[in-house]
Structures are given as C-alpha cells and as structure tokens.
1. Restricting attention to region 34-65, which residues are hydrophobic (A, V, I, L, M, F, W, C) and touching a Leu at 6+ places or on another chain (Cβ under 9 Å)?
2. Since Ala24 meets every condition but one in (1) in a loop (DSSP other than H, G, I, E, B); (2) among the small types (Gly, Ala, Ser); (3) out of contact with any strand residue (DSSP E or B) (no Cβ under 7 Å at 6 or more places or on another chain); (4) exposed (fewer than 13 other Cβ atoms within 10 Å of the Cβ), which condition does it not meet?
3. Please find, within region 27-61, the residue that is surrounded by the fewest Cβ atoms within 10 Å (Cβ to Cβ) out of those that are of a type in the set (A, V, I, L, M) and over 18 Å from Ile6 (Cβ atoms).
4. For region 44-73, name all the residues that are more than 14 Å from Ala21 (Cα to Cα), among the aliphatic types (A, V, I, L, M) and modelled with pLDDT of 95 or more.
5. Might you check whether a residue that is assigned to a strand (DSSP E or B), out of contact with any helix residue (DSSP H, G or I) (no Cβ under 7 Å at 6 or more places or on another chain) and of a type in the set (A, V, I, L, M) occurs anywhere in region 4-16?
6. So, in region 62-74, how many residues would count as being closer than 18 Å to Asn4 by Cα and either assigned to a loop (DSSP other than H, G, I, E, B) or within 10 Å of the chain's Cα centre (by Cα) (or both)?
Amino acid sequence: MTVNSIEVSLPIKLGQFVKLASLAETGGQAREMIEMGDITVNGQVETHRGHHLSNGDIVSLILADGEIAVEVAAI
C-alpha cells in the first residue's frame, strides 16, 4: 500500500481532511463514510467526523479490494 501525504494547516477535523484528501467528493459523503466505519485513523475505525488529526496520522478509506491511505503532514 502506498501512502501519500497531504499538507494541511492544523488543527483539522477528520471530516474536513477526508474531503480535502479527495477520499470523498462532498462533506456529506465524508460524514456518511465516517459514520459507516469506512474510515480509519492509524488503523483504528473512527466514527466521529470532529476527531482532531495530528501531524503524521494515517487516514485510510477501506474499500472492498483494499484501502487508500493518506498521511497528515502539517505545514
């Protein structure tokens, strides 16, 4: 699995990051994915879109055929 980094200004909430990292097309889609348990932070399912991310956190989208992972990189 390849992990890309997305540079962001901290603090950032999980829902915002999921959309910014293009894991979801809209904020509503990001909310739904998070609530359904399709998103993990550092390997743990996170169902709160208001969860604050830290530099170096790995946010992953779980798919039927694998996962897409993106690292939070503070600017």
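The values are calculated or read from the model by the stated rules, or taken from the named source; none is laboratory data. Predicted model only: the values in this text are computed from it and were never measured. Here the Cβ is made from the backbone with ideal geometry for all residues, glycine too, and neighbour counts use every protein chain on show.
1. If the condition is that a residue be hydrophobic (A, V, I, L, M, F, W, C) and touching a Leu at 6+ places or on another chain (Cβ under 9 Å), then Ile34, Ile39, Val41, Leu53, Val59, Leu61 are the ones that fit.
2. The single condition Ala24 does not satisfy is (4).
3. Met36
4. Within region 44-73, Val45 is the sole residue that qualifies.
5. The answer is yes, given that some residue of region 4-16 is assigned to a strand (DSSP E or B), out of contact with any helix residue (DSSP H, G or I) (no Cβ under 7 Å at 6 or more places or on another chain) and of a type in the set (A, V, I, L, M).
6. 5
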